[in-house]
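A short write-up of the structure that comes next.
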Amino acid sequence: MLPASDSQKDDIAFMRRAIELAKGGEGKTNPNPLVGAVIVKDGRLIGEGFHRAYGELHAERDALKNCAERGENPQGATIYVTLEPCCHFGKQPPCTYALVESGISRVVVGSRDPNPLVHGKGNAYLREHGISVEEDFLRDECDCLNPIFFHYISTKTPFLALKYAMTLDGKIATKTGESKWITNEDSRNYVHVLRNRYAGILAGIGTVLADDPMLNCRLTNEKGEAVGRNPVRIICDSDLKIPLLSKIVKTAGEIPTIIVSCKDGRSEDDEKIYIEKKAVLESSGLQVLEVPGVNLSEESGAREKKPKPQVDLPSLMKILGEKGIDSLLVEGGSEIHYSALKSGIVNKIYAFVAPKFFGGAGKSPVGGEGVNLPSEAFNFQLEKISRFGDDVLLEYKKI
C-alpha cells in the first residue's frame, strides 16, 4: 500500500474533525442521526458545525452559518460531512440546496444515508449541479456514529442494548439480592453517558420492586452542571404492581414515563383492581400502554397464551418505534434480559465487569429457562473493550 499523500492526510484529518463535532449532538438529535461538517478553503478550516438537536440546523447549514459568522466565503471550498447530505424537506429544508447555493465545489461524504428519501439521491443532486462528490471516505469510522439511526430508519423499531454490571464470577447480585455497588464510581458515571445517548430506558417491574430506582440521567460537566437529558422511562409491569410511592411514580410529572401492561390474563376481580390502579397511575402523570401478552414456549418455540402472560416485547418495539423512540437501554433484571434475547431484539451488549467474586447463589445477568445446548446460545461479536479503573467494559454487537 502506498503511503498517504499530504492532501490525503489533510482529508483524513478534516473528516475526523467532522466526526468529533458530530458527537456533540449525542442525546439531543434522536431520532435524527449524529452528523458533523467541516468546510475547508485553500487548506484553511473556514467553518464547522454539527446537528445540535432535533429540529435545529443540520450540520451542513450549521457549518455554512459558522462561515458567515467568521466572515469567510465558502465559494470554491470543500466540505467534509459525515453523512450524505439530505435532499428532502423535513424539519429543515434540504442541505443539498444550501450547498449548491453556497458555491462549494467539492463534497467529501463519509456514510451513505439509508433513508429511502435520501439514499444516493443527495449525492446525485450535488453532481447534477456540478459539484464534485467523493463517497465512502472513512466510511467505517463515520458509520460508527449512527448504529441507532441506521437500525431505526430501516426497521422502524428501536435499537435495543442490554446494560449490566457483574463480578468476575458472573453475578449481578449477592445471594441476598444486594447489588450496590458492584462496579466503581467511574463505571457508574459512564452509565449516565449511556442513558443520555438512548431515547428510552427499559426495566422490568422486578427491578423497580427490588431497588426503587429513579432511572434518570445525572450526567454533569466539569462545573457540576446538569448536561444530560432524561430518557423516557418504560417499565414492563403486566399487572400494574408498581408501588404508588415508588420514585418512578412520584417523579412521573418530571420525567416522561410509560408503564407497559398486558391486555389479558386477569380474572374479573383482578381486572377491577387493574382498572382502578390504572386510573390512579394516569392521574399521577404516567402513561399506561397495553400490549399483547405472550409466553415463549421452550418446548415448541411457538408463542402460546398463558393465564399470566408477559409483555410481548416485539409488539412493544413496534409500538415504541411508531412513537418515535429510536433506541432503548435495558437496565432490567435477569428475566427481562432473557426475554429480550429470546425475542431476538437485542442489538448491543454493555457488560461491565468488576474484579470481585460473590460466589454462592447470586443472580446471573440472564435468567429465564435458558438454552438446552451450547449450539443454541445467543451469539454476539466483540466490538470494543474499555477500562474504568480496575473495571472493564465489554461491548458486543449483534452478529
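The values are calculated or read from the model by the stated rules, or taken from the named source; none is laboratory data. Keep in mind that what you see is a predicted model, and the values were worked out from it rather than measured. Cβ placement follows ideal geometry from the backbone for every residue including glycine, while neighbour counts extend to all protein chains displayed. Heavy atoms of the whole protein, side chains included, go into the accessibility calculation; ligands, DNA and RNA do not. Shrake-Rupley method; radii C 1.70, N 1.55, O 1.52, S 1.80 Å.
Summary of values
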{"quantity": "Extreme residue, farthest from Glu395 (Cα to Cα), among residues of region 152-173 that are open to solvent by 40 Å² or more (accessible area, probe 1.4 Å) and assigned to a loop (DSSP other than H, G, I, E, B)", "calculated": "Lys156"}
{"quantity": "Considering residues of region 99-124 that are open to solvent by 10 Å² or more (accessible area, probe 1.4 Å) and part of a helix (DSSP H, G or I) only, the residue nearest to Thr155 (Cα to Cα)", "calculated": "Lys121"}
{"quantity": "Test for Lys9: is it basic (Lys, Arg), free of Cβ contacts under 8 Å to residues at least 12 places away in the same chain and under 21 Å from Arg139 (Cα atoms)", "calculated": "yes"}
{"quantity": "Region 342-391 - residue that is loosely packed, with under 13 Cβ neighbours inside 10 Å and of a type in the set (D, E, K, R) and, of those, modelled with the lowest pLDDT", "calculated": "Glu369"}
{"quantity": "Candidates Ser261, Ser267, Ser187, filtered to the one that is surrounded by 21 or more Cβ atoms within 10 Å (Cβ to Cβ), of a type in the set (Gly, Ala, Ser) and either farther than 20 Å from Ala161 by Cβ or more than 20 Å from the chain's Cα centre (by Cα) (or both)", "calculated": "Ser261"}
{"quantity": "Residues satisfying the stated conditions in region 125-141, i.e. more than 19 Å from Arg17 (Cα to Cα), open to solvent by less than 60 Å² (accessible area, probe 1.4 Å) and part of a loop (DSSP other than H, G, I, E, B)", "calculated": "Ile131"}
{"quantity": "Answer residue from region 31-51, given it is more than 21 Å from Glu141 (Cβ to Cβ) and in a loop (DSSP other than H, G, I, E, B) and is most open to solvent (accessible area, probe 1.4 Å) among those", "calculated": "Asp42"}
{"quantity": "Selected residue (criterion: farthest from Leu313 (Cα to Cα)) from residues of region 343-399 that are in a loop (DSSP other than H, G, I, E, B) and of a type in the set (Asp, Glu)", "calculated": "Asp390"}
{"quantity": "Test: residue in region 81-91 that is part of a helix (DSSP H, G or I) and touching a residue at least 24 places away in the same chain (Cβ under 8 Å)", "calculated": "no"}
{"quantity": "Where a residue in region 319-337 is under 26 Å from Asn32 (Cα atoms) and in contact (Cβ under 8 Å) with a residue 24 or more places away in the chain and its partner, wherever it lies, is in a loop (DSSP other than H, G, I, E, B) and open to solvent by 10 Å² or more (accessible area, probe 1.4 Å), with Cβ under 6 Å and at least six apart", "calculated": "Gly321/Lys156; Gly321/Thr157; Gly324/Pro31; Ile325/Ala199; Asp326/Asn30; Asp326/Pro31; Asp326/Ala199; Ser327/Ala199"}
{"quantity": "Exclusive hit being within 21 Å of Gly122 (Cα to Cα) and either modelled with pLDDT of 95 or more or of a type in the set (Asp, Glu) (or both), set Gly71, Gly55, Gly36", "calculated": "Gly36"}
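This table checks each residue for (1) in a helix (DSSP H, G or I); (2) touching a helix residue (DSSP H, G or I) at 6+ places or on another chain (Cβ under 6 Å); (3) under 16 Å from Leu281 (Cβ atoms); (4) small (Gly, Ala, Ser).
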position	(1), (2), (3), (4)
Arg195	yes, no, no, no
Leu202	no, no, no, no
Gly224	no, no, no, yes
Gly228	no, yes, no, yes
Ile234	no, no, yes, no
Ile255	no, no, yes, no
Ile258	no, no, yes, no
